[in-house]
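None of the figures in this text is laboratory data; all of them are computed from the coordinates on show. Computed from a predicted structure; not experimentally measured. Note that each Cβ is placed from the backbone with ideal geometry, even for glycine, and that neighbours are counted across all protein chains shown.
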Amino acid sequence: MVNSADASNAAPPKPERLSGYRWVVFSLLAFGYLLVYFHRLCPAVVALDMQADLQTSGALLGFLAAAYFYPYALMQLPSGLLSDSWGPRKTITVFFTLAGMASVFLGMVAAPGLAILARALVGLGVAMLFVPTMKVITNWFPAAVFARMTGILMAVGGLGAYTASRPLAWLSDLIGWRGSFVAIGAVTMVAALAIWLMVRNTPEEMGLPSVNPEASGKPGKARTIGLMRGMHMVFATGSFWVLAIWFFCTCSIFFSFGGLWGGPYLIQVYGLSKAEAGNVLSMLALAMIVGSPLLSWISDAVWHSRKKVIVLASVMTLVLSLPLAFFTASMSRPFLYLLCFLMGMFSSAVVVVAFASAKELFPIEIAGTSVGLVNLFPFLGGAVAPPVLGAILEFQEKAAAGYTAAAYSRAFMLYVGLALIALVAALFIRETLPATSE
C-alpha cells in the first residue's frame, strides 16, 4: 500500500489504476453481501433437517430462523456510527469474522438454545456489512453511479439468496446441514480476511486521487443536522411511519416464506424433495436479480414515480398471498415456480425503490439516518413473522409427514392480512419523485 506521504512525492497516480482497483474493492464487498443473503435465507431448505436433529417445535424453529433478524435490525444505526469511527474496513472485518465463527458454532451445537444463540451471533456479524459498504461505494465511485452500484449490489444479494436454495440443498445432501454451516462459516472468515487485506476505506489510503473531493473531509464536517435532531425529524414525520409499516408487512411475508417456511411447505404439502423445493425457492433469488434493476428503471425512467411502483408491488403481493391461503395444496408445479418468482419481485426486489423513497423524504444531510432507521422495519418483520407462523402451525392438526395443507392454509392467512395492511400503507405513501421531474 502506498501512504499519502509517499504519494505526495511520486508522480500523480493514473486514473486507470483507480478505475481498476475500485472493482476489486467492490467485488470483495459484493461477495460479502452474497454471504449476508445466504445466511439470511439458508434455514428454509434445511429447516426440517434442523427440526428433526435439534428436536424443536415449529414455534421454536421459527425463533431459530428469526434470531438472525433481531440483532440485524438493532445494529443498523450502530453500524453507521462504527463505520464512521472505526472505518468500514475494520468494522466489516471484525464482525464478519464473528459471523463466520458463529456459523461454525451453529453447525456443531446440539441444544436448541445454543443454536438460537449462534444464529443471533450470525445476524449480529453480518449486520455490519451493508451500511459500511455504502460508505465505501461513496468513497470509491462517482456520486452519479451510486444508485447503479446499489442495484448491482442488490442483484448480487439475489445470487446469495440462490445459493441458499438449490446449491445448499445439494451441499446438505452431501455433508449434512451441520457440515454445510461449518463450511460456509469458514468461507465467511476467509472473506473477512480478504476484505482486510484488499479493501481500503478510500482511494487516498492507497495514494490515489479522491473520487468525490467534497465528501472526502472529516466525517460529519459538512453535516448541518446532528444525529439526534435528524432522528427526531425522521420519527416526527408521518410519511416515514407509513413507509415503515409498508416495509414491516411486506418483508414479513418475504422473509418468513423465503427464509424459513417455504421449504417445509413445499416438502410437506407437495411432497417435493429437498432439492426440488430448493429449485422452486430459487425463483425468489432470480426475481431479485432481475427485479432490482428492472423496478428501479421503471421507477426512474418510465413512470417517474416511486409510489406507483410500490402500490403495484403491494397489489401483486396481496394477489400472490391468496393462492397460498386458499389454494394451498392445489397449485401446479409450474404455478409454484411462477408464484415464487413474482413473490421475489414484488415483496423483495421492490425494496430498492422503497429505500430511494425513504432517502428522498428528507434533506440530503439526514438521508443516511432516514434509510438506516427505515431499515430497522424489514428486519423486525423478519424477526416477528417466522415464529408467529410457526406458532400458528403448531396449534393445528398434524399428519405423519408433518404439518398438513389445512394447517399451512390457516397460517398463510397471516400473509393476506399483512398484504392488506401493506397495500393500505402504500396508498398513503408520499410521492417523492413527481411525474414532472426528469
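The table for this structure:
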| item | result |
| --- | --- |
| Net charge contributed by nearby residues that have their C-beta within less than 15 Å of Ile267 (K/R +1, D/E -1) | +1 |
| Distance in nm between pseudo-label sites at Leu193 and Ser27 (7 Å out along the Cβ direction from Cα) | 1.9 nm |
| Extended-chain gain in nm, criterion 0.36 nm per residue less alpha-carbon gap, Leu420 and Leu117 | 105.7 nm |
| Magnitude of the charge dipole, segment 226-438, Cβ model with Lys/Arg +1 and Asp/Glu -1, debye to 20 | 140 debye |
| Ranked by how many other beta carbons lie within 10 Å on average, peptides 283-293, 118-128 from highest | 118-128, 283-293 |
| Residues Leu281, Leu197 arranged by fewest to most Cβ contacts within 10 Å | Leu197, Leu281 |
| Sorted peptide list for 129-136, 424-431, 175-182, criterion being average Cβ within 10 angstrom, highest first | 129-136, 175-182, 424-431 |
| Where labels lie 7 Å past Cα in the beta-carbon direction, separation of Ser85 and Ala275 in nm | 5.0 nm |
| Charge dipole of the chain about the Cα centre (unit charges at C-beta), most positive-ward option of Leu295, Val199, Gly258 | Val199 |
| Normalised contact order of segment 48-125, rounded percent, pairs of Cα under 8 Å and 6 or more residues apart | 45 percent |
| Distant-in-sequence amide H partners of Tyr403 (H built 1.01 Å from N, under 5 Å) | none |
| Signed unit charges on C-beta, dipole axis of the chain, positive-most listed residue Val145, Ala313, Ile429 | Val145 |
| Charge dipole magnitude, Cβ of K and R +1, D and E -1 - the chain, Cα centre, debye nearest 20 | 300 debye |
| Under 10 Å, Cβ to Cβ, from Phe141 - net charge with Lys/Arg +1 and Asp/Glu -1 | +2 |
| Among Met134, Leu48, Ala102 - extreme Cα towards positive end, dipole of segment 18-208, charges at beta-carbon | Met134 |
| Calculated FRET efficiency for the pair Ala406/Trp241, C-beta based, R₀ 51 Å, to 0.05 | 0.90 |
| Computed helical MRE - 222 nm, the chain, DSSP H runs ≥ 4 contributing -39500 (n - 2.57), nearest 500 | -24000 deg cm²/dmol |
| Segment 18-208, dipole about Cα centre (Lys/Arg Cβ +1, Asp/Glu Cβ -1), debye to the nearest 20 | 260 debye |
| Mean Cβ count within 10 Å, highest first, over the residues of peptides 340-347, 229-236 | 340-347, 229-236 |
| Degrees separating the helix 307-326 axis from the principal Cα axis of the chain, which is the longest one | 20 degrees |
| Cut-off 13 Å between beta-carbons: net charge of the residues surrounding Trp246, Lys and Arg +1, Asp and Glu -1 | +3 |
| Whole-Å semi-axes of segment 226-438's equivalent ellipsoid (Cα gyration tensor) | 33, 19, 13 |
| Over segment 18-208: Kirkwood hydrodynamic radius from C-alpha pairwise inverse distances, Å | 16.9 Å |
| Per-residue ³J(HN,Hα) for segment 48-65, Karplus 6.51 cos²θ - 1.76 cosθ + 1.60, θ = phi - 60°, Hz, x for Gly and Pro | 5, 4, 5, 4, 5, 5, 8, 6, 10, 7, x, 5, 5, 4, x, 5, 4, 5 |
| Simple spin-label estimate for Ala186 and Leu174 in nanometres, 7 Å along Cα-Cβ | 1.2 nm |
| Segment 320-363 versus segment 235-263: alpha-carbon centroid distance in Å | 11 Å |
| Relative contact order computed over segment 18-208 (Cα-Cα under 8 Å; 6+ residues apart), in percent | 40 percent |
